[in-house]
Structure formats: structure tokens, C-alpha cells
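Worksheet: one structure, shown below.
The values are calculated or read from the model by the stated rules, or taken from the named source; none is laboratory data. Because the structure is predicted, anything quoted here is derived from the model rather than measured. Positions of Cβ are backbone-derived with ideal geometry, glycine not excepted, and every protein chain shown enters the neighbour counts.
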Amino acid sequence: MKTILLSILFTLSLFGADIDWPSDYKAALQEAKQEHKLVYIFITSDSCRWCRKFEATTLQDEGIKKRLLQEFVTIHMSRDQVKIPEQFKTAPVPRHYFVDADGKILYSSLGHRCIEIFDSFMDNAHQADEKNKTKEK
């Protein structure tokens, strides 16, 4: 009974929760290892109107926020404010990367995406991760 109640409370706490957007790539990988999650990296620039549109629409969807909070460690890097690791392209933006806890790129995309498409990107990242794990065995 306690487990069910805790699960319900956790789910309710995620509903309406804001996503934390740190910019420390190494810390995100560490957190992903500890929590057994993938990392979603959102690369933008300060003057990108498509980045702002993505933030104001897709990233405000409760279903998207819930999935990101439950399934991924999130990180936002503005190419105008932080040094972005060399393996990630920074132009044009917005760019989306899904990486494993070792930093291996599993899936990437470019541009503003609607809710349904972005939701499928998260599925694609998990599928790529499963395929990668199968290869390693």
C-alpha cells in the first residue's frame, strides 16, 4: 500500500513540475550514471527565435515535461554562454542530443519540433540505447 501511495505522490509531484536545466555536461553524465538514465541535451543560442518557440510550446507540454523528468537527465547549453563539448554541433540551433551516461550520442535532431515529433525522439533515443546495449553483450 505504501508503494502505491508513494508512486501516486511521485507522479502527482511531476505533474506541473518545472524541468531543471543545468549546463554542466560532466555533472549530467554523473547523474545519469547514478540514476540509470539517458541525458537530453538542448543546445541553443541567446538570439534564436526557434529555440524560444520550442521552449514556449513543446517544452511546456505536461506530457513532455513528465517524460523528461522521469526518463532523462536534462541539460541546456547556450552556445553563447558555455563551452560545448566538441562532439556536439552548435550551428544551426536548436539542436537536440540524446546520449547515454558515457556520452555516446544515441540520437540527435535539429530544429523546433512539435510535441508528437519530440515525443517520438525520446522513444528513438531509448530504442537506440537498447540496440547499443544488445551489441555490447
Would you be able to say whether some residue in the stretch 30-48 is part of a helix (DSSP H, G or I), of a type in the set (Ser, Thr, Tyr) and modelled with pLDDT of 95 or more?
no
Could you please let me know if Ala101 is part of a loop (DSSP other than H, G, I, E, B), under 13 Å from the mean Cα position of the chain (by Cα) and either crowded, with 16+ Cβ neighbours inside 10 Å or touching a residue at least 40 places away in the same chain (Cβ under 8 Å) (or both)?
yes
Could you tell me how many of the residues in the stretch 86-134 are in contact with a Cys (Cβ under 6 Å, 6 or more places away or on another chain) and of a type in the set (Gly, Ala, Ser)?
0
Give the stretch 19-29 a look and list any residue that's part of a helix (DSSP H, G or I) and touching a Ser or Thr at 6+ places or on another chain (Cβ under 9 Å), or say none.
Ala28
What number of residues within the stretch 105-137 satisfy the criterion of being within 22 Å of Thr44 (Cβ to Cβ) and not hydrophobic (A, V, I, L, M, F, W, C)?
10
Test set (1) touching a Leu at 6+ places or on another chain (Cβ under 8 Å); (2) closer than 20 Å to Glu31 by Cα; (3) of a type in the set (Lys, Arg) - Arg95 fails condition number
(2)
Sole residue being exposed (fewer than 15 other Cβ atoms within 10 Å of the Cβ), of a type in the set (A, V, I, L, M, F, W, C), farther than 25 Å from Ala101 by Cα and at pLDDT 90 or above, chosen from Ala56, Ala27:
Ala56
Among the residues of the stretch 74-82, are any closer than 30 Å to Glu136 by Cα, out of contact with any Cys (no Cβ under 6 Å at 6 or more places or on another chain), surrounded by fewer than 18 Cβ atoms within 10 Å (Cβ to Cβ) and at pLDDT 95 or above?
no
